[in-house]
Each structure stands twice: as C-alpha cells, then as structure tokens.
Amino acid sequence: MVKTLWLGTWRLGGEGFGPSNLKESVESIEYAYELGIRHFDTAGFYAHGKSNEILAKLTKKYRSHLIISSKGGLVWDTPNSVKHDASKEALTKDLHETLKRLQTNYLDYYLLHWPDPNTPLERSLEVLIEFKREGLIKKWGVCNLSITELNAFEKFIHSLNEDEILHQVHHNILHQQNEILEIGAKLKLRNIIYSPFEQGLLANPISRYKNQPIGYIRKRNTYFSNFKIHQKLHFLERKLKENGIEKKEYAFYWLLKDFRCSDIILGSHSIEQINSIFTAIAYIQKQEDFYQNLEKELIFE
C-alpha cells in the first residue's frame, strides 16, 4: 500500500478557494517538508503564478532535496478567463516564467496540463522532449488525456526511449477513471492521482460547502450540487460511521489499495489539514485487515 505522497500547491496562492493566509501557506509547505514530503506539484496557471512564488520560499532553502513538478498548457486569457494553449511559444513562455518565479534553473518534472484542441498532441509533447534535451527539465509527462488521446499517445511513445513518463489522472471514489488508469498501467506510465478528496467533498461534511460564492472553483464542480451524489455520500458516511471510520480515511484507503496508482497528490494549505491526512494514513496502516473486510461489504460506484 506504499505510495509516494506529493503536496499540491493550487490553493496556496489564495485564488478560487476562499480566503488564504500567506504565512499559513508558507508554514504548511515547510511543515510538509519536515514530515518527509519531497514532491511538490505546481503550475504557472495556479493563482496567476502566486503559488509558484510561495513554493519558491521552500526551493530557496532545500532545492537539491526537492522534486518539483509543474505543468503548462493553460494560460490566463484575461484576468478572469482561461484558455488552452499548448503551442511551442506558450509552453516555452510558461516554463521560463515558472523557473524564474521558483528561482531555479531546472524542473524535475514538467507536464502538459491539458491538451490544446488547436495544437496536435504530438507537437506539444515534442516541445517537452526538447526541454529535456536542453536540461531545463529532467522528465516530462501528460495530464487529463482522454481514452482516445491516450491510445494516440501509445503510438507516439513507442518511438521514444524514455525511462519514465508521468501521467496525472483525476481519480477518486466519485470521479472514477478506471479505464484511463488501465491504459496508463499498460503503457507503463507513472499514474499520479490528483484530487483524491474531490476538492474536499470526500473529506468534509457536505454542509460545509453550501452557498459558495460565485467565482469559487468548487462552484463549477457539479459534484457539489448533484443531489444523487449527495445521497450516495450520505449512505457512505452512515455506513462508515457504523464502523467508526471517517469518510476521508476510506477515500484515502480506496486509493492506497489500488496497485495502478503510484503517487497521490494531496491538496492542503494548512498544518491542520496536513496533520489530519497523516493521522488518517497512520490509522489505515494499523487497520488494513479491517478495511479489506469492509471493502467486501461496501461497493461505491
């Protein structure tokens, strides 16, 4: 059940998720480092670059001990609207701006954040491969590919001599991407799971997210307003409560047991949140047999 844990930095910049405290954000990434997390996931797109700038406070101290991953392919078209642009010009601009904000001369990983409908996938990936040749990144990868795009990607990677290609997938109990993970495993990609708690919905009470202001990221997430999903979650919470388990613990166990997933990105912005996740992991490891038996009774689709 061992997975590599990453810390995601989207929320650190305080944009789209409600109020954020700079001091608290900085303390959270330093605390994650103290607990042994070395992989940090970011993107120039996050909070108009502010998340990069906060993460830089860690890279300045511990760069040689960190694995920094960033992504390109989403750009701010206006202060409030985003577009897909994975052209060579856009990716090059994003990478160099990201390096500057992070105050480093290389990234460990750089991934295509989303495919660009106006740029052939292979052309975007050739740019990432060139970045690797230039020494600007150590490894490259892809995110959010459809089944059709992954099948096309298979033909592309057969001609390459890459020891490892990263593959970020949005996958959790609510948002299951089993076929995507199967293809990733078949292609020997490194499947990295993001949004394991579906932006908090699998970690906190549903009532916490009522009446969210327009402009919040969760406002656009239909799981937060879907009555059928809420019914399923209430059933899950009730069943787990009978066994003395929190929803967050089961959601995390559900991923830990999946051999197709090698890494999990945790989205946290406070010491309290990080502590709660590590507490859940410790509990799961002690009660693994119990969870396995519960899994036979509880099927969530």
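The values are calculated or read from the model by the stated rules, or taken from the named source; none is laboratory data. All values reported here derive from a predicted model rather than from experimental measurement. Reconstructed Cβ throughout: ideal geometry from the backbone, glycine too, with neighbour counts over all protein chains shown.
Applying the criterion of being within 27 Å of N178 (Cα to Cα) and aliphatic (A, V, I, L, M) to the residues of the range 248-273, the residue that is nearest to the chain's Cα centre (by Cα) is I265. Just one of the listed residues (L202, L166, L181, L189) is more than 29 Å from I129 (Cβ to Cβ) and surrounded by 15 or more Cβ atoms within 10 Å (Cβ to Cβ), namely L202.
Could you grab me the full set of residues in the range 69-89 that are of a type in the set (A, V, I, L, M) and either within 17 Å of E134 (Cβ to Cβ) or in contact with a Cys (Cβ under 9 Å, 6 or more places away or on another chain) (or both)? Passing the criteria: none in range.
With a requirement of 2 or more residues that are buried (at least 17 other Cβ atoms within 10 Å of the Cβ) and in contact (Cβ under 8 Å) with a residue 60 or more places away in the chain, the strands (runs of 3 or more DSSP E) lying completely within the range 21-137 that satisfy it span 39-41, 67-72. Hey, any hits in the range 69-92 for a residue that's touching a strand residue (DSSP E or B) at 6+ places or on another chain (Cβ under 7 Å), at pLDDT 95 or above, closer than 26 Å to I264 by Cα and β-branched (V, I, T)? Taking every residue of the range 69-92 in turn, none turns out to be touching a strand residue (DSSP E or B) at 6+ places or on another chain (Cβ under 7 Å), at pLDDT 95 or above, closer than 26 Å to I264 by Cα and β-branched (V, I, T).
One line per residue, one yes/no per condition, for (1) over 14 Å from L236 (Cβ atoms); (2) at pLDDT below 85:
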position	(1), (2)
V169	yes, no
L174	no, no
L181	yes, no
G184	yes, no
N191	yes, no
E198	no, no
Y209	yes, yes
P213	yes, yes
I217	yes, yes
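In the set F153, F197, only one residue is over 25 Å from V127 (Cα atoms) and in contact with a strand residue (DSSP E or B) (Cβ under 8 Å, 6 or more places away or on another chain); that residue is F197. Consider the range 25-44 and keep the residues that are of a type outside the set (S, T, N, Q) and touching a His at 6+ places or on another chain (Cβ under 7 Å). The one that is farthest from Y109 (Cα to Cα) is R38. Within the range 138-149, the set of residues being of a type in the set (A, V, I, L, M) and either free of Cβ contacts under 8 Å to residues at least 12 places away in the same chain or buried (at least 20 other Cβ atoms within 10 Å of the Cβ) (or both) comprises V142, L145.
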